[in-house]
């Protein structure tokens, strides 16, 4: 069985694609490439990224596709601004996601991931019904490009995500499992969530956090090991499920402290995997 490998997230920015060098510099064999700028989905950039990943021996395990338009990361405006759920921005974002899928194909990467949004828990909700049709279209597009489409956990309950995957019914759907998001959005205990979503997991974010303390704002992200995610149990359970993909460290701050926290997380996780 292949061994679990660690990685980090590289943000794709114009003029700074050489940042993939940092993945190798800090001793990581894998990365996810995150992009919020649709103009960067170009042939030349894909070719340059392929060359850099080969040069530094870094395996790009997924493209994390940010979507255009306004996003508010809270409980008040989040449901109407995040992901593919909002009707007002859905068509625009589907086009952007398909462009990201084409870019991912050029990179030769198998997984594309994003936040679908606050998926309604009521399967009879017209927004849910229309979302399923949209996701069937996206799943087929990604399948034609030889890809798996991954839902990043967080904004929906695990059972809602499971039902969504079942209702779409495509063979190329998976989960980018973010344990901290499940806590920060107050949706579930991440360890128990593995019992529901385990067989669909194709990527894991190593991020830590806390439950919300009010009904308007997300819980706080924390350095790995300082939040409520039980990483020893999480890794053990992932292994028991037969997971052998990448574990990608995510720390949503900037500057020297981000690197310090990432390297501390790397040391913790190396002892667990």
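The values are calculated or read from the model by the stated rules, or taken from the named source; none is laboratory data. This structure is a prediction, so every number in the text was calculated from the model and none was measured. When we count neighbours, we look across all protein chains shown, and the Cβ atoms used for this are built from the backbone with ideal geometry, even at glycine.
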Original post:
Could you say whether any residue in the range 92-112 is within 18 Å of the chain's Cα centre (by Cα), surrounded by 17 or more Cβ atoms within 10 Å (Cβ to Cβ) and over 22 Å from residue 174 (Cβ atoms)?
Top reply: no
Subject >> Sole exception among (1) crowded, with 22+ Cβ neighbours inside 10 Å; (2) under 21 Å from residue 162 (Cα atoms) for residue 127, by number >> reply: (1)
**OP:** Can you work out which of the residues in the range 55-78 that are in contact (Cβ under 8 Å) with a residue 40 or more places away in the chain and more than 21 Å from residue 101 (Cα to Cα) is nearest to the chain's Cα centre (by Cα)?
**Re:** 73
**OP:** For residue 235, state whether it is in contact with a helix residue (DSSP H, G or I) (Cβ under 9 Å, 6 or more places away or on another chain), assigned to a helix (DSSP H, G or I) and closer than 22 Å to residue 28 by Cα.
**Re:** yes
**OP:** Would you mention how many residues in the range 193-208 are closer than 12 Å to residue 242 by Cα and assigned to a strand (DSSP E or B)?
**Re:** 2
**OP:** Sort out which residues of the range 9-32 are assigned to a strand (DSSP E or B), touching a residue at least 40 places away in the same chain (Cβ under 8 Å) and in contact with a helix residue (DSSP H, G or I) (Cβ under 7 Å, 6 or more places away or on another chain), and write them in order of number.
**Re:** 31
Subject >> First in the range 169-185 and modelled with pLDDT under 95, second anywhere and surrounded by fewer than 24 Cβ atoms within 10 Å (Cβ to Cβ) and not in a helix (DSSP H, G or I), Cβ under 9 Å, 6 or more apart >> reply: none
Original post:
Considering only the range 43-54, how many residues are loosely packed, with under 15 Cβ neighbours inside 10 Å and either farther than 16 Å from residue 16 by Cβ or in contact (Cβ under 8 Å) with a residue 12 or more places away in the chain (or both)?
Top reply: 4
